[in-house]
Amino acid sequence: MRGFDEDLLMIPGPTFVPDSTLRVMSRQMINHRGKKFGEMLTECTENLKKVFRTKNDLFILTCSGTGAMEAAISNIIEDGDKILCPVYGKFSERFKLIVEAFGGKPIELPVEWGDIPQPELLEEALDREKNVKAVTITQNETSTGVRVPLEEISKVVKKHNALLVVDTISSMGGDYIPVDGLKIDLCVSGSQKCFSLPPGLAFISVSEEAWEVIRRTKRRAFYFSLPAYLESYKKNPPEQPYTPALTFYYALQNSLRLLLEEGLDNVISRHRKVAQATREAIKALELELFPKREENCSVTVTAVRIPNGVSDKDLREHMQKEYGILISGGQSKLKGKIFRIGHMGCVTDKEILTTIYALEQSLKKLGQRVEIGAGLEAAIKVFK
C-alpha cells in the first residue's frame, strides 16, 4: 500500500488510500448529467445508507467534512435560533462557531477536554433554555481521543423536541453508529477518515423531522442547500445540483464496495481491536491515556499525555525521521501536551505494531525510561 519513500500516516486523517482506489481515480471523465453518473451516484448513495444504517435521505457533497457541518446548520437555522453546543474539544467547538456564523445563538455547554458531555447535563441545559432548536454532538472528538455514547443523549434531545445533529466525520465506517436507531436527524461524515479516501467528499443524512424544520426555515444555504440536492437526486437520471468531483466519486464507489466486501461488522471489529491494542501498548509503556475514562476512548484515534521530560515536537520528529512514521500532536489548548495515534481506515495489526515499535525506540532515545518490547508484547496479545 505504501510507497518506498512515503511516511506511514498514523494520524487522525487523512488516511492511506488502497491501491485499487487510487487506480480508479485515473479513469477518464464522464458526463455528470448523464446516465452513467446517475447510476454511480445511486449506487454510492444506497451503499452509504448501509454504512450509516439509515433509510433517511442521504447526500454526497463535494467538500470536506466541515462543509457537511455547515450544511447541517445552515439549512435549519434562522437569526437568533438557539442551538445547544456542548464543547469538549476543537471539533465540537466548530459547531458553535458555525452557529455563530449563520446568526444563531449557540448555547455553549463547556465540558472539560478529555471528558464527554453527560446526558444529565444536557437535560439540565434543555430544561433551563426554552425553545432550543437543535443539539450538536461530535461523536468522535479526535482532538481529545474521546468517543461519545449517543443512546441516552438521543433520548434527552428527543424528549425536548430538538433536532439531534451529529458529527461522525472521524468515526462513521469505523464505529457502530446506527443513525436510525439513534434517531439522529442530521448526521455528517467525511471521506478522508474511515472510508480510506482522499479529502474532498462529505456525506449528510437527513431525517423526516429535519426536513420539517428545513422546509419552514426561511434562511437557506446556496451551495449547501439540501432541498436543491433532494430535487436533483429525484431527476431521471439522478444528479447533483452543482458539478461533482468525478474522480472522487470513482474512488467512493470502490471504497464502499471494499467496505461491504469486508463486511461492516468486521470493519468495526477490526477498528475496535487495533484501538484496544494501541491502548494496551500505551499502558504497558506506563504512559497515560488522555481521556478521563478508558471506556470513553475513541476507536479511531488514541490520545496520550506527553511524559515529563519529553518534547512533543522531538518525539514526532524522531519517529518521522528515523522510522518514517507520522503521528499527530495536540491541537489548540492541548498543543505540546499530548500526542495522537490515528488508527482508522484500512489500518491493520501490521501498522499498529510498527508504530508501537517506533514509539518505544523513540522514547528510549529521547531519555524516557521505558521497557523495550513491553508495548509490543501487550499489543500482540490483543491480536492473537
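Given contacts defined as C-alpha pairs under 8 Å and at least six residues apart, what's the relative contact order of region 255-384, whole-number percent?
It rounds to 31 percent for region 255-384.
Would you kindly work out the equivalent ellipsoid of region 110-216 from its C-alpha gyration tensor and give its semi-axes, the square roots of five times the eigenvalues, largest first in whole Å?
23, 18, 11
Taking the Cα centre of the chain as origin and charging only Cβ (+1 Lys, Arg; -1 Asp, Glu), how large is the dipole, in debye to the nearest 20?
Dipole of the chain, to the nearest 20 debye: 500 debye.
So how do TYR249, TYR223, TYR357 line up by other beta-carbon neighbours within 10 Å, fewest first?
TYR223, TYR357, TYR249
Which of MET319, MET40, MET69, MET29 comes first, and how do the rest follow, when ranked by fewest Cβ neighbours within 10 Å?
Ordered from fewest to most neighbouring Cβ atoms within 10 Å, MET319, MET40, MET69, MET29 come out as MET29, MET40, MET319, MET69.
Convert 37 °C to kelvin, take the viscosity as 0.692 mPa s, use the Kirkwood radius over C-alpha pairs of region 249-384 as Rh, and evaluate the Stokes-Einstein diffusion coefficient in µm²/s, rounded to a whole number.
211 µm²/s
Let's test the formula: R0 of 25 Å, r as the Cβ-Cβ distance of GLU120 and TYR176. What FRET efficiency results, to the nearest 0.05?
It comes out at approximately 0.60.
Sort HIS318, HIS343 by Cβ crowding within 10 Å, fewest neighbours at the top.
Listed from fewest to most nearby Cβ atoms, that is HIS318, HIS343.
What value in Å³ per residue do you get for the convex hull of the alpha-carbon atoms in region 19-260?
In region 19-260, the Cα convex hull volume per residue is 108 Å³.
Over region 19-260, what relative contact order in percent results from Cα pairs under 8 Å that are six or more residues apart?
With pairs under 8 Å counted, the relative contact order is 30 percent.
Which of the trypsin sites (Lys or Arg not before Pro) across region 18-101 are loop residues per DSSP, with 12 or fewer other Cβ within 10 Å?
ARG27, LYS55
Given the -39500 (n - 2.57) contribution per DSSP H run of 4+ residues, what per-residue ellipticity at 222 nm results for the chain, rounded to the nearest 500 deg cm²/dmol?
Roughly -13000 deg cm²/dmol at 222 nm, from the helical runs in the chain.
Only the coordinates and a few stated rules stand behind these numbers; no lab work does. Everything quoted here is computed from the prediction, not taken from an experiment. Positions of Cβ are generated from backbone atoms using ideal geometry, with glycine treated the same way; all protein chains shown enter the neighbour counts.
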